[in-house]
Amino acid sequence: MSESISKITSNKPVFVDNDPQEELFTLNLGPTHPATHGVFQNVLQVDGERIVSGVSTIGYIHRAFEKISEHRAYYQITTLTDRLNYCSSPINNMGWHMTVEKLLDIELPKRVQYMRVIIMELSRIADHIICNGILGVDTGTFAGFIPMMVKREFIYEIFEEICGARLTTNIGRIGGFERDFNETAFSKIKQFVKEFPAVLKEFEALLERNRIFIERTAGVAAVDPETALNYSWSGPILRATGVDYDVRANEPYSSYEEFDFEVPVGTNGDVYDRFLVRNSEMWQSLRMIEQALAKIEKEPKGIFHADVPDFYLPPKEQVYNNMEALIYHFKIVMGEIDAPKKELYHCVEGANGELGFYLISDGGRSPYRLHFRRPSFINYQMYAPMSSGMLLSDAIINMSSLNVIAGELDA
Amino acid sequence: MAKLSNESIIARLNSRFEGRFNPLEESYGLLTLETGKEDILDVLEFLKTNGELQFGYLTDITAVHYPHLPKEFAVVYHLHSLVNGVRIRIKVFLEGSYPAIPTATVLWNGANWMERETYDFFGIQFVGHPDLRRILNVDDMEVFPMRKEYPLEDPNRMDKKDYFFGR
């Protein structure tokens with residue numbers, strides 16, 4: 001362990017300390033600190049500006065999701081997944097729906113899969129906007145952040161159009177969507193695809209070749225691929241080290257194999273590379289949304305869920321007027337569906353990395369065991385060891401570029 | 001490169017561990033194997049370092065509580081061979097109220113928090129772990145909440161009893 005940490009720290013500049021402190025100072029970074037962007041604590045031993053060691057304390061918003069899941073029907077767990085990475089709830093929702101669909105052996109119509117791709121890529125963009133925008137703020141510029149946040153607001157408007165909610169979306173159902181995208185939703189998605197590139201370009205122009213930004217970020221917290229893999233990193237921060245692991249490309253789900261996209265990778269694994277990787281991923285997401293829109297055009301209209309009456313709620317008019325629909329409605333709402341006794345692991349590429357669902361079903365109404373593989377939780381554990389030897393200001397932007405979301409950290 | 005088949009993974013493991021492995025299940029193509037706590041480190045190390053298997057990526061460590069089985073706890077490892085694009089699941093069943101298993105932190109630094117989480121919720125001791133403390137729950141908690149005997153909420157509460165819902 002010590003070997004790999006010395007490897008991490010060897011990438012940083014060595015300071016000649018002319019004024020060694022008599023004793024170390026204990027600094028509490030968190031639990032509620034503006035720089036943590038969430039509720040978690042780091043108790044740091046600092047020598048002046050330099051961090052000597054640190055201990056991460058997490059669990060401040062632990063809500064026992066795994067325990068609650070063992071008592072809830074499958075469809076009720078979607079609302080729990082909302083609150084994992086709440087910057088990109090739809091990806092969590094879709095990941096959970098797909099896990100249950102895999103368990104129940106439901107094949108979705110192509111149009112629904114493309115609709116899901118649109119939603120997931122939009123939320124990936126929303127998440128990366130937050131991360132990269134905040135990274136700009138933490139390094140000292142608000143200018144790029146504001147126009148980007150306007151676009152995130154627009155993405156939330158699209159979500160609102162589709163499902164009625166903005167942040168904790170609970171979007172989609174097991175077997176498809178709760179309703180079709182309406183005309184406004186489609187036109188707003190098209191408007192976003194048309195208008196976002198200019199904003200993103202401006203944002204990139206503001207930061208990518210900006211000397212202050214580069215000096216603050218390049219070479220900071222550089223991680224080599226071996227260390228990153230040893231710490232089970234995933235997502236953009238792993239790809240910034242040069243490992244081209246992306247669940248969408250390696251194990252495609254929801255028809256990602258039909259899409260033409262690239263997996264951007266970095267070379268140094270430093271904060272600057274993570275920024276570049278996230279920016280390029282936004283471009284790739286835009287490409288995928290465009291392709292998905294074109295693919296939806298070719299599919300028959302009006303299909304927004306699979307034909308699985310056992311698991312997908314019938315329309316309300318039928319519930320009131322039709323005996324079978326009423327029975328299905330009752331059974332689904334009470335969670336009395338026949339799930340096979342199986343065990344499965346399904347993962348999706350969340351905005352922060354591999355978001356996995358390890359589900360054991362004993363045939364009952366709730367999972368026997370459900371475990372969330374939360375990328376933030378696993379990515380964040382390197383933070384304290386990698387901070388030792390770092391300047392406090394570097395540690396702040398390092399945290400910001402890891403994009404640790406407290407909800408996903410604690411589950 | 002041809003995808004590594006589950007049969008060839010088992011064949012390689014069995015040639016190293018004298019034919020001890022049989023697939024527990026293979027649902028959805030994900031090979032699940034069972035081994036004992038004496039062997040687990042050797043098995044993980046073999047899977048990680050073998051030149052052809054290359055299960056170098058530790059996806060997850062967690063546990064499951066089966067109160068009805070003689071060996072109540074199962075520690076579950078998910079490994080991923082990024083080179084071959086294959087996943088594997090290893091289960092180790094443990095007995096007793098205070099089960100113990102060697103730590104995987106000697107192989108992966110990333111196992112540190114995964115094992116702390118598993119300890120926190122199931123009370124499984126990872127022998128040799130550098131810092132085995134609770135991670136999400138408060139330090140002075142006395143129970144291991146993901147064990148099945150631990151109720152979700154106040155057990156005296158009557159309005160959520162299953163029999164009111166015909167279950």
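All of the numbers you see were taken from the coordinates with simple rules; none came from a lab. Worth saying up front: this structure is predicted, and the values here are computed from it rather than measured. Cβ sites come from the backbone with ideal geometry, for glycine too, and all protein chains shown count toward neighbours.
Remarks
- Put the Cα centre of region A:345-411 next to the Cα centre of region A:309-332 and the gap is 38 Å.
- Selection from A:Met386, A:Leu80, A:Ile332, by position along the positive dipole direction of the protein assembly as shown (Cβ): A:Ile332
- Rg over Rh [alpha-carbon atoms, Kirkwood Rh] for region A:65-410: 0.99
- Residue-count net charge about B:Met141 - beta-carbon cut-off 11 Å; Lys, Arg +1, Asp, Glu -1: -3
- Measure of compaction for region B:1-84 (Cα Rg per 2.2 N^0.38 Å): 1.12
- Computed over chain A with a Gaussian network model linking Cα atoms closer than 10 Å, the most mobile of A:Asn379, A:Asn42, A:Asn398 is A:Asn42.
- Degrees separating the helix B:40-49 axis from the principal Cα axis of chain B, which is the longest one: 50 degrees
- Net charge, A:Phe377 excluded, C-beta distance under 15 Å - Lys, Arg +1, Asp, Glu -1: -2
- Kirkwood estimate for chain B, i.e. one over the average of 1/r between Cα atoms, Å: 17.5 Å
- For chain A, the longest principal axis of the Cα atoms and the long axis of helix A:323-333 meet at an angle of about 20 degrees.
- As computed over the protein assembly as shown, the Cα convex hull volume per residue (Å³): 162 Å³
- Treating each Cα of region A:362-411 as an identical point scatterer and summing with the Debye formula, the log10 of I(q)/I(0) at q = 0.14, 0.15, 0.23, 0.24 Å⁻¹ comes to -0.47, -0.51, -0.85, -0.89.
- Region A:104-217: relative contact order in percent, alpha carbon pairs under 8 Å with at least 6 residues between: 25 percent
- When only alpha carbons are used to place a centre, region B:77-139 and region A:234-297 end up 30 Å from one another.
- Restraint check, A:Lys151/A:Lys190; A:Lys102/A:Lys151; A:Lys151/A:Lys188; B:Lys48/B:Lys148; A:Lys194/A:Lys295; A:Lys151/A:Lys201, Cα-Cα greater than 23 Å: A:Lys102/A:Lys151; B:Lys48/B:Lys148
- Our summary of shape: the Cα atoms of region A:313-388 have principal axis extents of 67, 27, 16 Å, ordered from largest down, in whole angstrom.
- With Cα atoms defining each centre, region A:151-187 and region A:89-129 are spaced 12 Å apart in the structure.
- Loop-resident sites, region A:39-102, for trypsin sites (Lys or Arg not before Pro), counting at most 14 other Cβ within 10 Å (DSSP): A:Arg63
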